Amino acid sequence: MATWRGQGGAVTVLGNNTALGVSKWTADETVVLANKTNSKSAGHKQRQGTVRDSTFSIELPWDDTQDPEALGLVPGSVIALTLNKGESGKKMSTSQAVIEKRGWVNDEDEDLVRLVLSGYCNVKYTHT
């Protein structure tokens, strides 16, 4: 078993190819489950996977010299994501992630102001 120290990733804003550093990220891969319960299921609900879905949430240290509006980091924008799996050299990436929500985190005690983006992937993650 090997464990690795976490090390962000990168966001590339499509159109202007601006690369931004990521400090924290989460990625979920799910499937929509259809109800396939019928008279042969012995009274127990049964499900079957149908279509896949992928989501993301990323936090970036806010740099006041790079305006998120001007960079195109607004809800509805499409970005490319490269999420490094720590220092392992492995990563997951997608070329079509659409931003659903943009938020801000201000932690005056221990942290920087952070830009938080979350949304969905229109293309599944590639693990390399």
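Quick check on my filter: what residues within segment 56-65 are outside any strand (DSSP E or B) and surrounded by 15 or more Cβ atoms within 10 Å (Cβ to Cβ)? Give the derivation first.
If we filter segment 56-65 for residues that are outside any strand (DSSP E or B), which is where we start, we get 62-65.
Matches in segment 56-65: 62 only.
Within segment 67-74, is even one residue in contact with a His (Cβ under 8 Å, 6 or more places away or on another chain) and either at positive phi or polar (S, T, N, Q) (or both)? Explain how you work it out, then say what you get.
From segment 67-74, those in contact with a His (Cβ under 8 Å, 6 or more places away or on another chain) are none; that's our starting set.
The answer is no; no qualifying residue exists.
Condition check ((1) surrounded by fewer than 14 Cβ atoms within 10 Å (Cβ to Cβ); (2) not charged (D, E, K, R)) across all residues:
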residue	(1), (2)
84	no, yes
91	no, no
99	no, yes
108	yes, no
125	no, yes
* Asked: How many residues does segment 33-51 contain that are modelled with pLDDT under 95 and within 30 Å of residue 101 (Cα to Cα)?
  -> 0
* To do: Can you run down the residue pairs with Cβ atoms below 6 Å, 6 or more apart or on separate chains, where the first is in segment 32-52 and in a loop (DSSP other than H, G, I, E, B) and the partner is surrounded by fewer than 10 Cβ atoms within 10 Å (Cβ to Cβ)?
  => 37/45
* Total residues in segment 8-24, condition over 18 Å from residue 119 (Cα atoms) and either modelled with pLDDT under 75 or surrounded by 13 or more Cβ atoms within 10 Å (Cβ to Cβ) (or both) -> 3
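With respect to residue 27, is the statement that it is within 17 Å of residue 117 (Cβ to Cβ), touching a residue at least 12 places away in the same chain (Cβ under 8 Å) and assigned to a strand (DSSP E or B) true? Let's see the steps before the verdict.
Numbers: within 17 Å of residue 117 (Cβ to Cβ): yes; touching a residue at least 12 places away in the same chain (Cβ under 8 Å): yes; assigned to a strand (DSSP E or B): yes.
Taking the combined requirement at face value, the residue satisfies it.
The values are calculated or read from the model by the stated rules, or taken from the named source; none is laboratory data. What you see is a predicted model, and the numbers here were worked out from it, not measured in a lab. Every residue, glycine among them, receives a Cβ derived from its backbone with ideal geometry; neighbour counts consider all protein chains shown.
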